[in-house]
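Step one of this worksheet: look at the structure below.
The values are calculated or read from the model by the stated rules, or taken from the named source; none is laboratory data. Predicted, not measured: the structure shown is a model, and the values here were computed from it. Cβ coordinates were reconstructed from backbone atoms using ideal geometry, including for glycine residues, and neighbour counts include every protein chain displayed.
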Amino acid sequence: MNDSDLKQFDDVIIGSGQAAPSLAVTLGSHGRNVALVEGNALGGSCVNYGCTPTKTLRKSARVAHMVRNAGSFGVDVPCFTVNFAAAMARMRDRVSTSRGGLEQWLASSKGVTPIWGWASFDGRDGDRFKIRIGDRAITAGRVFLNTGTRPFIPSIPGLAESGYLDNVTLLDLSELPRHLIVLGGSYIGLEMGQIFRRLGSDVTIIEAGPDVASREDNDVSEAVRNFLDAEGIRILRNSAVVKIQRTGASRIVELGNGDRIEGSHILIATGRLPNTDRIALESVGVETDERGYVPTDDHLRTNVHGIWALGDINKRGAFTHTSYHDHEIVLASISGAASSKVALYQWKSAAERPQTYAMFTDPPLGRVGMGLREAKAAANSGRRILVATHQMAQISRAKEESETFGLIRLVVDADTDKFLGATVLGFNGDEIIAIISNFMASGSSYRIMQQALPVHPTVAEFLPTILAKLEPVHAQCMQENA
């Protein structure tokens with residue numbers, strides 16, 4: 001494909017994460033000439049080294065965990081082995097199949113031209129934006145940024161020389177780590193630490209802060225620590241890494257208190273950085289914050305007319321589902337994209353949707369809107385808030401499944417009777433949270449849910465029962481873990 005084929009487009013999408021393919025196909029179906037530019041692998045983080053591979057590998061790890069504990073269910077398994085290479089091959093096959101499906105879909109879609117290479121702005125050509133991809137150049141009247149994030153690598157003496165893994169290179173392993181040391185006790189670190197422990201590695205998680213999953217309520221973080229500890233994962237909190245050195249096949253991690261941890265591999269899970277520094281945003285005047293994220297209005301427009309920011313880089317939720325939802329917000333708001341399908345989108349403003357996400361440990365954590373910490377802050381500001389908490393250990397289905405770690409917490413506005421948030425840590429929590437998030441989308445009173453007829457025996461059947469336990473949050477005397 002030569003420059004004359006590529007030069008003029010109506011729309012250019014830079015980056016092929018979860019917002020991009022559906023946005024490109026929908027715009028193309030409305031008669032737009034769309035270029036989708038990708039410098040690495042189609043599908044972005046989710047398909048290639050996020051949701052698809054890690055949840056596939058998580059299943060292998062869960063099967064190993066269930067077999068290892070089969071005796072407690074009356075099933076004797078005299079011996080078994082984990083075939084790490086086969087588990088990784090299964091994961092890679094799933095990634096390849098998913099990415100191949102995307103490639104076929106885009107190739108068969110009207111008006112969409114995939115372009116491979118790293119894109120960056122190159123100023124303007126009148127009212128059009130100039131974009132350079134290697135030695136090629138194209139222009140577009142509208143540009144949608146969907147460039148995602150990459151791992152943040154801390155400046156630790158000896159880290160680079162010792163060698164380390166991130167969430168991408170971890171998935172390239174061909175042999176199981178003997179002892180995986182995870183730097184960072186947030187979602188990626190906890191998920192991957194548990195997966196590799198179940199596959200057979202010794203695992204140590206080192207967290208610089210006071211607790212793992214620190215954005216969650218204290219009792220939630222404690223419950224996470226408890227079930228990881230029960231599986232033999234060592235968690236070190238308030239532990240600053242001051243030095244790393246390599247000795248033969250081992251890495252030695254030195255902590256601020258003088259302790260030294262020896263392991264075979266180090267996984268860096270200390271946060272993410274936006275991939276905006278490589279696309280020359282300054283050449284067209286797009287503003288970023290101090291960390292490189294792109295501020296947007298509620299319709300995901302940047303400060304430059306004709307440029308939108310979708311997905312992780314707009315700092316409105318670094319999750320596949322928020323990225324996908326971003327494309328729906330954009331389609332619902334831009335001129336010329338109206339259709340019966342677009343008209344069905346619930347939220348036409350990013351400000352209206354509650355933050356919802358899951359942590360895919362086992363058991364998983366599902367979250368939407370307010371937790372207890374936010375409820376207390378709201379009560380301190382004068383809002384009337386109701387909260388109810390119920391332990392998984394008190395739910396029949398959880399007992400029957402021997403899945404009793406965790407809790408369910410519901411937060412309600414006392415004046416409107418609407419849900420403000422929920423926490424479901426425990427068996428099927430990643431699925432159950434959708435009941436609350438979908439109910440929040442309807443704007444209905446929680447009293448309607450109380451009248452529902454749930455199926456028994458399930459975990460979700462307890463939602464009406466838990467709602468009957470709602471009590472006011474008292475601003476001054478409430479204990480966070482009550």
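Of all the listed residues (T361, T404), the sole one being free of Cβ contacts under 8 Å to residues at least 24 places away in the same chain, part of a loop (DSSP other than H, G, I, E, B) and either outside the structural domain of R197 (by TED's automatic domain parsing) or surrounded by fewer than 14 Cβ atoms within 10 Å (Cβ to Cβ) (or both) is T404.
On the stretch given as region 145-189, residues that are on the phi > 0 side of the Ramachandran plot and within 15 Å of the chain's Cα centre (by Cα) total 1. Note on region 31-73: residues that are modelled with pLDDT under 95 and among the aliphatic types (A, V, I, L, M) total 3.
Checking G371, G443 one by one, the residue that is exposed (fewer than 15 other Cβ atoms within 10 Å of the Cβ) and out of contact with any helix residue (DSSP H, G or I) (no Cβ under 7 Å at 6 or more places or on another chain) is G443 and no other.
Taking the options I156, I181, name whichever one is in contact with a Gly (Cβ under 6 Å, 6 or more places away or on another chain) and either of a type in the set (A, V, I, L, M, F, W, C) or modelled with pLDDT of 95 or more (or both).
None of the others qualify; the one that does is I181.
Of all residue pairs spaced 6 or more apart or on separate chains, those with beta-carbon atoms under 9 Å, a first member in region 1-17 that is of a type in the set (D, E, K, R) and at pLDDT below 95 and a second member that is in a strand (DSSP E or B) and surrounded by fewer than 23 Cβ atoms within 10 Å (Cβ to Cβ) are D3/R136; D3/A137; D5/T113; K7/R136; K7/A137; K7/T139. Selection of region 99-126 for residues being of a type in the set (A, V, I, L, M, F, W, C), part of a strand (DSSP E or B) and buried (at least 18 other Cβ atoms within 10 Å of the Cβ) yields V112, I115, A119, F121.
Return yes when S22 is of a type in the set (G, A, S), within 19 Å of H325 (Cβ to Cβ) and either not in a helix (DSSP H, G or I) or not assigned by TED's automatic domain parsing to the domain that holds S333 (or both) and no when it is not. No: the conditions fail for S22. Among the residues of region 127-161 satisfying the criterion of being of a type in the set (G, A, S) and crowded, with 20+ Cβ neighbours inside 10 Å, which is farthest from A41 (Cα to Cα)? Step by step, filter region 127-161, then rank; the result is A140. Selection of region 195-218 for residues being touching a strand residue (DSSP E or B) at 6+ places or on another chain (Cβ under 8 Å) and of a type outside the set (V, I, T) yields F196, R197, S201, D202, E207, A208, A213, E216, D217. Checking each residue in region 162-195 for being crowded, with 22+ Cβ neighbours inside 10 Å, under 22 Å from R94 (Cα atoms) and hydrophobic (A, V, I, L, M, F, W, C) picks out L170, I188, M192, I195.
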